[in-house]
Amino acid sequence: MRYSALRILKEGLTGNKGWKPVWREPEPKREYDVVIIGGGGHGLATAYYLAKEYGTTNVAVLEKGWIGGGNVGRNTTIIRSNYLLPGNEPFYELSLKLWEGLEQDFNYNAMISQRSILNLVHSDGQRDAFIRRGNAMFLAGADAEYADADQLRAELPFLNFDNARFPIKGGLYQRRGGTVRHDAVAWGFARGADSRGVDIIQNCEVTGFDIEGGVCRGVETSRGPIRARKVAMCVAGSSGRVAAQAGMRLPIESHVLQAFVTEGLKPVIPGVITFGAGHFYVSQSDKGGLVFGGDIDGYNSYAQRGNLPVVEDVAEGGMAIMPMIGRARLLRSWGGIMDMSMDGSPFIDRTHVDGLYFNGGWCYGGFKATPASGWCYAHLLARDAPHPVAAEMRLDRFARGHMIDEKGMGNQPNLH
Amino acid sequence: MIINHPLLGPRDAAEFVYLGDAALIDRPDWQAKDAAEQFHAYGYLRDNPAGRHQELWYHEQGDRSWLVVTRDTLTHEITEVQLARDVARSRGRSA
Ligand SMILES: Cc1cc2nc3c(=O)[nH]c(=O)nc-3n(C[C@H](O)[C@H](O)[C@H](O)COP(=O)(O)OP(=O)(O)OC[C@H]3O[C@@H](n4cnc5c(N)ncnc54)[C@H](O)[C@@H]3O)c2cc1C
């Protein structure tokens, strides 16, 4: 079924009785060419591009809960490609380009809104660093724009420019950055994969691997064993747990990140604003709620909730940069489990087990990566060679001394 | 979270800085034949369990001691707190 304005009009006039479920609910087959573990954004995008770009359609996506119930449904929906390092920036720019064409491509409204992202600058050193980042973005074909304090005062008069500790001296804009309706991303990719023959199997937890003589031949699941020529992990915050079932230790720790939403307000913030010095970021959803967050809680966690000191820290960050936020009532908060890698950058790679592949380590930045992650992982699965823009995202990069450390923090996941 | 410091009593976890898995106490022998592999595993690879986890916390805004805290990563429940010094000694790491 294709969506169009005409179709909406017709359904509207005939009682909306013609809409069909967006994907099937098939029984798992005994065997597939490719089994993808994890029905989050990345797993579904991988299945979609495998089917669409490489014609591999004998594929199952196995999801332990319901698709889109993981981090893809819990994040603050910011997309951008304002990275610095050559191992990252071209990848995230590919992702932003894919976002720009995504709705036409999969014929689904993901409410992609390029409302801009602004990283505030509070010191001369930070300005130099951000201008350098802007140049790195240009080199990868992205857009960047430096705005001085006067321009920002005119555009965003509600910011606290004269904060004693962190006065606002300017900021780096990426006008093509913005937000996306996160659930629709999962649903759109699921529909696109399903309509090309991919089986999306919900309530099917992978509980073990069938590995013989260093070769992976399938998985054990809560709905019985499933054989596969290739098995692709794509489970974000559960990476450590799932990889352990294959006898692997990863350069990853799981940490909780909280997010917050206020009551609905009339439009007050035009784009996404980030306050790096205090670590706070905020945007306004299409329903009017202010959506914001800050740092991870800072210690290993699989509890999908955080603790109060970080709530206080985030609220202080918000008040410091945007005092008017103190007038809004907070409606809800939640936590998601982040697969924090040792250098803050992700992995898309084969493992030491033949036929077993790994995608993870997305930290708190993997939503923006969803299309490119699927695109590059599908390439790896189809061709058995890394996609050029993901070529640095290897599991052995620490052993080789090639970290992709955007922040220069070293191997301490809670500082990235 | 409240961490029950063995010397100072119950303290808010916000007074502490977190380092990570307490396996970091077990620094490999730099003269071992496979020291490079051992240090790679030591520095970068983690068990990352869902459940009981022993981890290092530094009482930066207190007595500046290092603690080994046994905590459940699913519930945040803390079941044991020891001085890292005592743990290291019991493992023969320190005089
Ligand atoms: C509060 C918060 C804010 C964030 N903000 C942003 C942001 O603004 N911008 C951005 O780019 N990123 C952001 N992120 C990060 C981003 O959400 C994640 O990096 C990204 O969504 C992870 O990829 P995914 O969507 O495939 O993961 P998920 O949606 O978590 O998918 C993994 C799936 O695997 C399933 N699974 C796990 N174990 C098994 C098993 N054994 N068997 C079968 N299935 C299994 C899970 O149920 C889950 O559905 C944020 C995250 C959080 C929590």
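The values are calculated or read from the model by the stated rules, or taken from the named source; none is laboratory data. Keep in mind that this is a model prediction, so the values were computed, not measured. Don't worry about glycine lacking a Cβ; one is built from the backbone with ideal geometry, like all the others, and counts go over all protein chains shown.
Go through A:141, A:125 for me and flag whichever is on the phi > 0 side of the Ramachandran plot and surrounded by fewer than 16 Cβ atoms within 10 Å (Cβ to Cβ).
Every option except A:141 fails the conditions.
Determine which member of the set A:334, A:375 is under 16 Å from the mean Cα position of the chain (by Cα) and either away from every other protein chain (no Cβ under 14 Å) or free of Cβ contacts under 8 Å to residues at least 12 places away in the same chain (or both).
Residue meeting the stated conditions: A:375.
Looking at segment A:99-110, can you tell me whether even one residue there is polar (S, T, N, Q) and touching a strand residue (DSSP E or B) at 6+ places or on another chain (Cβ under 6 Å)?
No.
Filter segment B:1-30 down to residues that are of a type in the set (D, E, K, R) and either more than 20 Å from residue A:308 (Cα to Cα) or away from chain A (no Cβ under 14 Å) (or both), then give me how many there are.
Looking only at that region, the number is 4.
Which ones in segment B:65-95 are more than 17 Å from residue B:25 (Cβ to Cβ), of a type in the set (D, E, K, R) and in a loop (DSSP other than H, G, I, E, B)?
B:77
Where the second residue is assigned to a helix (DSSP H, G or I) and more than 8 Å from the ligand (Cβ to nearest atom) and the first is touching a residue at least 12 places away in the same chain (Cβ under 8 Å) and lies in segment A:232-247, which pairs have Cβ atoms under 8 Å and are six or more apart or on separate chains?
Listed pairs, sorted by first residue: A:232/A:46; A:232/A:377; A:232/A:381; A:233/A:239; A:233/A:243; A:234/A:46; A:234/A:377.
What are the residues in segment A:328-340 that are crowded, with 23+ Cβ neighbours inside 10 Å and either of a type in the set (D, E, K, R) or away from the ligand (no atom under 11 Å from the Cβ) (or both), if any?
A:339
I need every pair where a residue in segment A:42-71 that is among the β-branched types (Val, Ile, Thr) has its Cβ under 7 Å from the Cβ of a residue that is within 8 Å of the ligand (Cβ to nearest atom) and at pLDDT 95 or above, sequence separation at least 6 or different chains.
What qualifies is A:46/A:234; A:61/A:39; A:61/A:43; A:61/A:44; A:67/A:39; A:67/A:44; A:67/A:186.
So which residues in segment A:60-108 are among the aliphatic types (A, V, I, L, M) and either closer than 22 Å to residue A:305 by Cβ or touching a His at 6+ places or on another chain (Cβ under 9 Å) (or both), if there are any at all?
Correct list: A:72, A:78, A:94.
Hand me the list of strands (runs of 3 or more DSSP E) wholly inside segment A:59-154 holding 3 or more residues that are within 16 Å of the ligand (Cβ to nearest atom), more than 30 Å from residue A:27 (Cβ to Cβ) and more than 14 Å from chain B (Cβ to nearest Cβ).
A:117-121
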